[in-house]
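Step one of this worksheet: look at the structure below.
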Amino acid sequence: MFLKDKSHGLYGRGSRRSRESGVGNPGGEHVENFTFFNPTKIEFGLGKEQTIGRHLSEHGVKKVLLCYGSERIKREGLFDVVARSLAEKGVAWVELGGIVSNPVISKVREAVSLGRAHQVDAILSVGGGSVLDSAKAIAAGLRYDGDVWDLFVGKAGIESALPLFAILTLAATGSEMNAAAVVTNEETREKFFIMSPALFPVASIVNPTLMRSVSREYLVYSASDVIAHLIEGYFTAAEHPKLQSRLVEALINTVIETTEALLVDPEDDDARGQFAWAATLALNGLTSAGVSGSSWPNHAIEHAISALFNVPHGAGLSVVMPAWMKWSLSRNPAQFKRFAATVFGVDTAEQGVAALEAWFDKIGTPTRLSQLGLGETQIPAIVENALGNVGAFGIADVYTRETIADILTNAL
Ligand SMILES: NC(=O)c1ccc[n+]([C@@H]2O[C@H](COP(=O)([O-])OP(=O)(O)OC[C@H]3O[C@@H](n4cnc5c(N)ncnc54)[C@H](O)[C@@H]3O)[C@@H](O)[C@H]2O)c1
Ligand SMILES: CCCCCCO
């Protein structure tokens, strides 16, 4: 399996190995050299979706491929608001609906053909991360002569992509302000990611009131996903300077507080706004800049579960994270103890892991494979699929068959 180019530095991969490799200085304050580059304009606030036509016309866009998921955006009137804004600025559009959660490459291929036939010069995503990741893949695919899946398996690099714009309707992934996209190949049952500076959206609209209709289940799955983005580097980095730890802890505490507020009142726009901004900041490069050697084992394992069983990404992560933390805490006890104290106000590393697991149970996101309809029988298939992911994430030396199986056994 190919290895991703780890020089991108977008997610603090840096040059030094992660702690699972047994290196690093517990409590170290070394800030690794880094390049922080994020060109995306964020337009945050009530009614900002009405400005989308201006953003495209200012960028010289004449015809856009408008991508979305369910017909909900038409029922709720958002589609008409977007269409009116585009028309007012003389931007023509071709629509592509039906993008599903855990998006698939067949839809991306269909959209690349549609975009080519209509000679679109930009892509607009109206939806959550699944629509936006598909839009990123489409944008790259329209600048590539071969099969767009080539870009996910290292057969070709992403030299350029059509300009991309987004109106976010669900906060979780941070895709609205990052350079990554995740798509599943249904034929090979692989869920892989692409990453390139060409995939940063030009502009993303984040209006929390568009998220009032997000279901309770996807709210809690989103909380799990954001927390996963924050802990991957927090616990695995060879050194994690206190500044970075404080940023991560502040964002985790914000997610915890606002999730609980939104479970009480889904129309609490202030809580929704802080949740959404925390989700964006959790994976736009801010928390990983200067951090060396972080790795992404929870995502590598979860992508296998979603690829094989179409489990919502955040639901898979709330099962994998506690299981991985129980396996990992002996490798970084100081940082797990810090997490326990600053996030949950408890004393030991073990208590901190237990507190996160209990919080997941409290908000209603799964913490056991059985809650996903899975069990010991499925572990071998998940392990074999995950071996492809750990290769792509560059952590195959640590996450062997045995290690991945041990971690998943903690989730039974
Ligand atoms: N690019 C990245 O950096 C990144 C990071 C994490 C996850 N991901 C990927 O993103 C995908 C998940 O995206 P997501 O978590 O944003 O969820 P999603 O886009 O899959 O949406 C989840 C469900 O919520 C619905 N929905 C969206 N907006 C809604 C609204 N306003 N009201 C009601 N329902 C709404 C969708 O139609 C869908 O059914 C996964 O494939 C995951 O692997 C990408
Ligand atoms: C290394 C960053 C991979 C992004 C995938 C997020 O689900």
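The values are calculated or read from the model by the stated rules, or taken from the named source; none is laboratory data. What you see is a predicted model; the values in this text were computed from it and never measured. All Cβ positions, glycine included, derive from the backbone under ideal geometry; neighbour counts span all protein chains shown. Quick note on the areas: whole protein, heavy atoms, side chains included, nothing else; ligands and nucleic acids left out. Shrake-Rupley method; radii C 1.70, N 1.55, O 1.52, S 1.80 Å.
Sorting check: for 131-143, 230-242, 75-87, which peptide has the highest mean count of neighbouring beta carbons within 10 Å, and how do the rest follow?
Numbers: 131-143: 28.0, 230-242: 24.5, 75-87: 15.9.
Peptide ranking by packing, descending: 131-143, 230-242, 75-87.
The residue list Val255, Ala179, Asn385 was ranked by how far each Cα lies along the charge dipole of the chain toward its positive end, using unit charges on Cβ atoms, and Ala179 comes out on top.
Could you tally the net charge around Ala381, taking each other residue with its Cβ under 15 Å from the Cβ of Ala381, Lys/Arg +1 and Asp/Glu -1? In short, -1. The residue list Asn298, Val104, Val264 was ranked by how far each Cα lies along the charge dipole of the chain toward its positive end, using unit charges on Cβ atoms, and Val104 comes out on top.
Please give the charge dipole size of the range 47-206, origin at the Cα centre, charges +1 on K and R Cβ atoms and -1 on D and E Cβ atoms. Round to the nearest 20 debye.
It comes to approximately 240 debye.
Mean silhouette area of the range 281-412, derived from the convex hull of its C-alpha atoms and averaged over all directions, reads 8.2 nm². Each eigenvalue of the Cα gyration tensor of the chain, multiplied by 5 and square-rooted, gives one semi-axis; in descending order these are 33, 23, 20 Å. Were the residues from Ala87 through Lys155 laid out at 0.36 nm apart, the gain over their Cα-Cα distance would be 20.6 nm. For the chain, the fraction of 1.4 Å probe accessible surface lying on carbon and sulfur atoms is 52 percent. Can you find, among Ala323, Ile395, Gly141, the residue sitting farthest towards the positive end of the charge dipole of the chain, where Lys and Arg contribute +1 and Asp and Glu -1 at Cβ? Sorting the options by dipole projection puts first Gly141.
How much net charge surrounds Asp225 when only the other residues with a Cβ under 12 Å from the Cβ of Asp225 are counted, with Lys and Arg +1 and Asp and Glu -1? Value of the local net charge: -2. Neighbours of Leu408, meaning other residues whose beta-carbon lies under 14 angstrom from its beta-carbon, give a summed charge of -2 when Lys and Arg score +1 and Asp and Glu score -1.
Helices in the chain, meaning DSSP H runs of at least 4 residues, each add -39500 (n - 2.57). Divided by all residues, the mean residue ellipticity at 222 nm is -14000 deg cm²/dmol. The listed peptides 311-324, 44-57, ordered by packing as a protection proxy, come out as 311-324, 44-57 (highest mean of other Cβ atoms within 10 Å first).
His229 contributes an accessible area of around 10 Å² to the protein surface, as traced by a 1.4 Å probe with all chains present. The percentage of C-alpha pairs in the range 115-156 whose separation is greater than 14 Å is 49%.
Given a Förster distance of 22 angstrom, what is the FRET efficiency for Thr400 paired with His30, based on the Cβ-Cβ distance and rounded to 0.05? Provide the component values of the computation, followed by the final result.
Working: r = 29 Å, r/R0 = 1.30.
Working from the Cβ atoms, E equals 0.15.
Against the main long axis of the alpha-carbon atoms of the chain, helix 379-392 sits at an angle near 70°.
Remark on the range 268-322: Rg and Dmax equal 14.0, 38 Å (Cα only).
Helix 269-282 axis versus longest C-alpha principal axis of the chain: approximately 70°, rounded to the nearest ten. Rounded to the nearest 20, the Cβ-based charge dipole of the chain about its Cα centre (Lys and Arg +1, Asp and Glu -1) stands at 620 debye.
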